[in-house]
Amino acid sequence: MSALLIRGARLVDPTAGTDSVGDLLVKDREIAAIGPGLTVPAGAEVVEARGQVLAPGLIDAGVFRTDVEAAVAGGITSVLLMPDQSPVLDDPALVERAERLGKPRLWVRPLAAATRGLNGRELGELSLMKDAGAVAVATGRAAIADAQVMLRLLRYAAGLKLVVIAHAECPFLTAGAVATESEAATRLGLAAAPAAAEAVQIARDLRLAEEAGAALHFACVSTREGVDLVRSARARGQDVTAGTAPAYALLSDTALAGYRSFARLSPPLRSEDDRAAVREGLADGTISVLASRHDPRTQEEKRLPFADAAPGAAGSATLLALGLALVHDGTLTLPRLLALLSANPAARFGLPGGRLAIGDPADLLLFDPGAPWRIMSDRLPGRAGNTPFDGLPVQGQVRLLLKGGERLA
């Protein structure tokens with residue numbers, strides 16, 4: 001493989017916290033040199049960045065489908081694959097198979113199912129699945145209702161030094177609900193659950209994780225009370241982190257107007273106050289991961305009455321642009337956003353990437369943060385184009401994407 005020199009880029013390293021202008025040389029699938037005025041090696045390809053941002057490839061810390069085309073379009077080189085697959089990732093052989101799904105264009109990091117079949121009762125063989133390549137253990141789309149099972153899981157995972165990724169909604173409170181209790185849900189006549197369902201589950205799991213001495217990550221925090229609970233636990237020194245998705249920072253339940261089934265998500269959209277709290281959590285570090293929760297649905301699954309439509313949305317292709325919306329409006333700095341999208345997931349789950357350092361794998365993203373485009377559901381790459389952001393004008397386009405030094409886009 002010939003060397004590649006990216007010249008005149010805005011180099012943003014979210015791990016080191018640096019933001020400078022310079023060049024970067026890729027050789028033998030690794031970052032070989034970084035700095036201003038690098039010499040072009042004989043036979044090397046030269047890419048003129050012209051001040052565009054060069055950063056680590058994005059690590060999408062929570063997808064429900066391996067969707068290579070959508071990931072590449074969004075600047076993603078690595079994904080954490082939720083265990084909610086068919087069949088469920090509750091067996092070492094299935095974990096090994098999942099790890100190969102994205103090759104050669106995407107690193108797929110499987111998450112082991114916390115319980116067999118994700119039934120919430122019998123623990124999976126976590127040790128064997130870790131040996132097979134699982135990077136963490138997850139409860140999937142639903143929380144474990146039985147506190148005794150959850151405590152056993154947390155103790156088992158702690159012994160293996162695996163982070164437990166938990167869904168933050170009390171299943172007893174959300175059973176049958178399709179929205180959050182609010183004026184919007186009442187006006188539309190939708191079955192709704194209190195937003196407190198999230199805080200109830202977070203409070204229980206935090207206490208159980210403390211009892212077990214386990215590392216805990218909440219996959220998607222979406223309410224003010226949930227953010228406050230995580231903030232308090234972190235202030236006490238508990239080993240807990242939280243993620244969210246762009247929808248919970250950019251949309252509220254007002255997006256349900258007209259029974260827009262594309263806005264039926266899991267967890268459901270919340271109030272304007274909750275949306276503001278999520279933004280505050282992203283800004284102050286309480287929420288340290290921004291993930292797409294890419295869960296593409298077919299037109300047949302989405303173009304139904306709201307209560308019958310499947311929850312979820314496509315998100316990989318829009319993750320970078322929607323994250324940049326939080327930079328453009330002043331909520332985040334660019335290095336902070338890139339930490340949420342790469343450095344923090346890498347550090348939390350022990351993954352390569354997330355930094356610009358000599359000797360690291362050349363998983364790199366070059367993008368223009370100001371390039372305008374419009375999100376159109378029927379034009380998004382990948383398996384499905386259902387998104388609550390249909391028609392939204394955004395900024396930020398991928399210009400070059402490298403995985404292990406190989407050009408993907």
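Does the range 33-65 hold any residues that are acidic (Asp, Glu) and crowded, with 17+ Cβ neighbours inside 10 Å, and which are they? Can you show your working first?
Narrowing the range 33-65 to residues acidic (Asp, Glu): 45, 48, 60.
Once the filter is applied, which keeps residues that are acidic (Asp, Glu) and crowded, with 17+ Cβ neighbours inside 10 Å, the range 33-65 yields only Asp60.
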Q. How many residues are touching a helix residue (DSSP H, G or I) at 6+ places or on another chain (Cβ under 6 Å) and of a type in the set (Gly, Ala, Ser) when one looks only at the range 85-126?
A. 4
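Taking the range 103-117 on its own, how many of its residues are without any contact (Cβ under 8 Å) to a residue 60 or more places away in the chain and either outside any strand (DSSP E or B) or among the acidic types (Asp, Glu) (or both)? Reasoning before the result, please.
Step one: list which residues in the range 103-117 are without any contact (Cβ under 8 Å) to a residue 60 or more places away in the chain, which gives 103, 108, 110-117.
Restricting the remaining residues to those that are either outside any strand (DSSP E or B) or among the acidic types (Asp, Glu) (or both) gives 103, 114, 116-117.
Selection size over the range 103-117: 4.
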Q) Only one of these conditions is not met by Cys170: (1) surrounded by 16 or more Cβ atoms within 10 Å (Cβ to Cβ); (2) over 24 Å from the mean Cα position of the chain (by Cα). Which number is it? A) (2)
Q. Would you pick out the residues in the range 89-102 that are in contact (Cβ under 8 Å) with a residue 40 or more places away in the chain and of a type in the set (A, V, I, L, M, F, W, C)?
A. Leu89
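Going by the conditions given, is Ala321 over 23 Å from Ala136 (Cα atoms), small (Gly, Ala, Ser), touching an Asp or Glu at 6+ places or on another chain (Cβ under 7 Å) and buried (at least 18 other Cβ atoms within 10 Å of the Cβ)? Spell out how you get there, then give the answer.
Details: over 23 Å from Ala136 (Cα atoms): yes; small (Gly, Ala, Ser): yes; touching an Asp or Glu at 6+ places or on another chain (Cβ under 7 Å): no; buried (at least 18 other Cβ atoms within 10 Å of the Cβ): yes.
So Ala321 does not fit the description; no.
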Q: Among what's in the range 89-102 and is in a helix (DSSP H, G or I) and buried (at least 21 other Cβ atoms within 10 Å of the Cβ), pick the residue that is farthest from the chain's Cα centre (by Cα).
A: Val95
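So, in the range 365-409, how many residues would count as being charged (D, E, K, R), assigned to a loop (DSSP other than H, G, I, E, B) and in contact with a strand residue (DSSP E or B) (Cβ under 8 Å, 6 or more places away or on another chain)?
From the range 365-409, those charged (D, E, K, R) are 368, 374, 378-379, 383, 390, 399, 403, 406-407; that's our starting set.
Next, from what is left, pick out any that are assigned to a loop (DSSP other than H, G, I, E, B): 383, 390.
Those still in the list that are in contact with a strand residue (DSSP E or B) (Cβ under 8 Å, 6 or more places away or on another chain) too: none.
Adding up the residues that qualify gives 0.
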Q: Scan the range 118-141 residue by residue and report those that are free of Cβ contacts under 8 Å to residues at least 60 places away in the same chain, under 14 Å from Lys161 (Cβ atoms) and assigned to a loop (DSSP other than H, G, I, E, B).
A: Ala134
Q) Mind checking which pairs have a first residue in the range 204-219 that is in contact (Cβ under 8 Å) with a residue 40 or more places away in the chain and part of a helix (DSSP H, G or I) and a second that is surrounded by fewer than 21 Cβ atoms within 10 Å (Cβ to Cβ) and not acidic (Asp, Glu), Cβ under 7 Å, 6 or more apart or different chains? A) Arg204/Ala147; Leu208/Ala147; Leu208/Leu151; Glu211/Leu151; Ala212/Leu151; Ala212/Arg155; Ala212/Ala158
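A quick yes/no check of all residues on (1) of a type in the set (S, T, N, Q); (2) farther than 30 Å from Val137 by Cα; (3) touching a Gly at 6+ places or on another chain (Cβ under 8 Å):
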{"position": "Leu11", "(1), (2), (3)": "no, yes, yes"}
{"position": "Asp19", "(1), (2), (3)": "no, yes, no"}
{"position": "Ile31", "(1), (2), (3)": "no, yes, yes"}
{"position": "Glu45", "(1), (2), (3)": "no, yes, no"}
{"position": "Glu48", "(1), (2), (3)": "no, yes, yes"}
{"position": "Gly57", "(1), (2), (3)": "no, no, yes"}
{"position": "Gly75", "(1), (2), (3)": "no, no, yes"}
{"position": "Ser78", "(1), (2), (3)": "yes, no, yes"}
Q. In the range 280-292, which residues are over 11 Å from Pro246 (Cβ atoms) and either basic (Lys, Arg) or outside any helix (DSSP H, G or I) (or both)?
A. Gly285, Thr286, Ile287, Ser288, Val289
Q: Hey, can you tell me all the residues within the range 242-279 that are more than 22 Å from Ala321 (Cβ to Cβ), of a type in the set (A, V, I, L, M, F, W, C), more than 19 Å from the chain's Cα centre (by Cα) and part of a helix (DSSP H, G or I)?
A: Leu256
Q. Mind checking whether some residue in the range 370-378 is acidic (Asp, Glu) and farther than 19 Å from Lys103 by Cα?
A. yes
(Q) So in the range 236-283, with the set limited to residues that are without any contact (Cβ under 8 Å) to a residue 40 or more places away in the chain and among the acidic types (Asp, Glu), which one is surrounded by the most Cβ atoms within 10 Å (Cβ to Cβ)? (A) Asp239
Q: State whether the residues of the range 232-241 include one that is at pLDDT 95 or above, among the basic types (Lys, Arg) and in contact with a strand residue (DSSP E or B) (Cβ under 7 Å, 6 or more places away or on another chain).
A: yes
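The values are calculated or read from the model by the stated rules, or taken from the named source; none is laboratory data. Quantities reported herein were computed from a predicted structural model and do not represent experimental measurements. No Cβ is skipped: glycine too gets one built from the backbone with ideal geometry, and neighbour counts run over all protein chains shown.
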